[in-house]
């Protein structure tokens with residue numbers, strides 16, 4: 001999809017609205033929190049991981065099931081699940097020799113839902 005962006009508009013003045021700057025500065029999260037948030041969104045920047053999350057929103061699944069669903073190797077799925085687990089987006093539980101994965105919590109579902117709502121506006 002080719003999308004040409006209009007030029008960014010800028011102020012032609014040099015007036016600083018210090019009260020607004022101070023107000024916004026006081027609401028900014030810490031640098032560490034902003035960095036962590038950026039890292040979280042990077043995890044969502046991979047379509048395979050989005051497919052896995054979408055699948056796990058529908059049902060708890062094992063690596064074998066996800067691999068068949070997405071037509072990928074178990075090794076590839078395991079790698080992506082490891083990234084998702086490190087980001088606290090998925091969790092797992094063992095049942096005998098089978099490891100089942102699911103979304104970590106309701107927030108993950110909400111992030112996916114909000115993204116889709118934004119895309120369809």
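The angle between the Cα long axis of helix 106-120 and the main principal axis of the chain comes to about 60°, on a 0 to 90 degree scale. Arranged from fewest to most other beta-carbon atoms within 10 Å of their beta carbon, 85, 42 become 42, 85. Working note: 222 nm ellipticity from helices only, DSSP H runs with n ≥ 4, each -39,500 (n - 2.57), summed and divided by the residues of the chain, gives -18000 deg cm²/dmol to the nearest 500. Can you tell me the orientation of helix 18-27 relative to the chain, as the angle in degrees between its alpha-carbon axis and the longest Cα principal axis, to the nearest 10? That works out to roughly 20 degrees. The long axis of helix 74-86 is offset from the longest Cα principal axis of the chain by roughly 50 degrees.
Just so you know, all these numbers are worked out from the coordinates, no wet-lab data involved. Only a predicted model underlies this, so the values are computations on that prediction, with no experimental measurement involved. Ideal geometry is used to build each Cβ from the backbone, glycine not excepted, and the neighbour counts take in all protein chains shown.
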